[in-house]
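Please read the structure below before turning to the comments.
All of the numbers you see were taken from the coordinates with simple rules; none came from a lab. Model, not experiment: these values are computed from the prediction. For neighbour counting, all protein chains shown are included, and Cβ atoms are generated from backbone atoms with ideal geometry for every residue, glycine included.
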Amino acid sequence: MESPQQIRFDDGAAYEEFMGKWSRVAGDAFLRWLEPATGWRWLDVGCGNGAFTEMLVERCAPVAVSGIDPSADQIAYARERLTTRSARFEVGDAMALPYPDAAFDGAVMALVIFFVPDPAKSVAEMARVVRPGGSVSTYAWDILGGGFPYQVLQDEMAQLAVTPLWPPSVEASRLETMRALWEGAGLTEIETRELTVERTFADFDAFWKTAQTGPRLAASIAAMPAGDRQTLSDRLRDRLPADADGRITYSARANAIKGVAPM
């Protein structure tokens, strides 16, 4: 059987506006829950443009952090974003990590696991490259539970007969699926958490412009008839009421899990 195609995001700047800012607010909540030690060697799997990697450097005072992603363009953006000597980035596959056993104290995936064609392989690989007693963790938008930041956009596009664009391994975003993956990799002391976060846009136009920069959504929206695009915009405006200053604030929800590599 042919393996599912791996989805790649190649525009680091567009991804930063569309999802990088969401990643940081979710990453902040995740790191407060994770409470990692300082001075660790970290691996950020599926690091993308380095948004979460930057948070690891700023918040966790690591001795070293490595980021790996299948997109060469995203890696180039991450290298420009984070020039500290403690950080290094390389192109690679989450299902075949190019590191020796026990090379890191902690490995993490930030909003990535549902894009990996075989999540079980990626979790097993993270467990392999983390030392005994080290941390393996992830957080992912609760897509099937309605927690995706642009869920309202996807819902309204579906009403206009546009097929929702969900990642290939969306089942991996469920807490029960995550737990099964962590247990299957032999990880122990497993804990899970739901993380609810908010983001504020200056006004509806700012939200609408950002929504259309999504690496996959942009093409789908652009392909819609002009009348449908206007209908979509009007429906979204109705569903996302502004405050007295015109700002739009709404929430998203992620599922998180952490476990310990066995001694």
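One table, with the values for the structure above:
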| read-out | value |
| --- | --- |
| Euclidean distance between Cα centres, segment 193-210 to segment 86-112, Å | 29 Å |
| Karplus 3J(HN,Hα) series, Hz, for segment 169-180 with 6.51 cos²θ - 1.76 cosθ + 1.60 (x for Gly, Pro) | 10, 4, 4, 5, 7, 6, 4, 5, 5, 4, 4, 5 |
| For Gly67, residues with placed amide H under 5 Å, excluding near neighbours | Asp44, Arg88, Phe89, Glu90 |
| In sequence order, calculated HN-Hα J values of segment 227-233 (Karplus, 6.51, -1.76, 1.60; Hz; x Gly/Pro) | x, 5, 4, 5, 4, 4, 4 |
| When each of Lys121/Lys258; Lys21/Lys209; Lys209/Lys258 is checked by Cα-Cα distance, pairs over 26 Å | Lys209/Lys258 |
| Residue (of Met126, Ile113, Pro62) at the positive-pole extreme of segment 53-151, dipole from beta-carbon charges | Pro62 |
| Lys, Arg +1 and Asp, Glu -1 on Cβ, resulting dipole of segment 142-263 about Cα centre, debye, nearest 20 | 220 debye |
| Total formal charge among the other residues, if their Cβ is under 9 angstrom from that of Met95, Lys/Arg +1 and Asp/Glu -1 | -2 |
| Cα lying deepest toward the dipole's positive end in the chain, options Met95, Gly50, Thr231, charges on Cβ | Gly50 |
| Sum of side-chain charges, Arg24 neighbourhood, beta-carbon under 11 Å (Lys, Arg +1; Asp, Glu -1) | -1 |
| Cα gyration tensor shape of segment 64-122, rounded if a/c is under 1.5, else prolate or oblate by comparing a/b with b/c | oblate |
| Rounded to the nearest 20 debye, dipole of the chain from Cβ charges on Lys, Arg, Asp, Glu | 340 debye |
| Counting DSSP beta bridges with both ends in segment 54-163, the antiparallel % (nearest 5) | 10 percent |
| Rounded, prolate or oblate (a/c below 1.5 giving rounded, otherwise prolate when a/b exceeds b/c) for segment 130-249 by Cα gyration tensor | prolate |
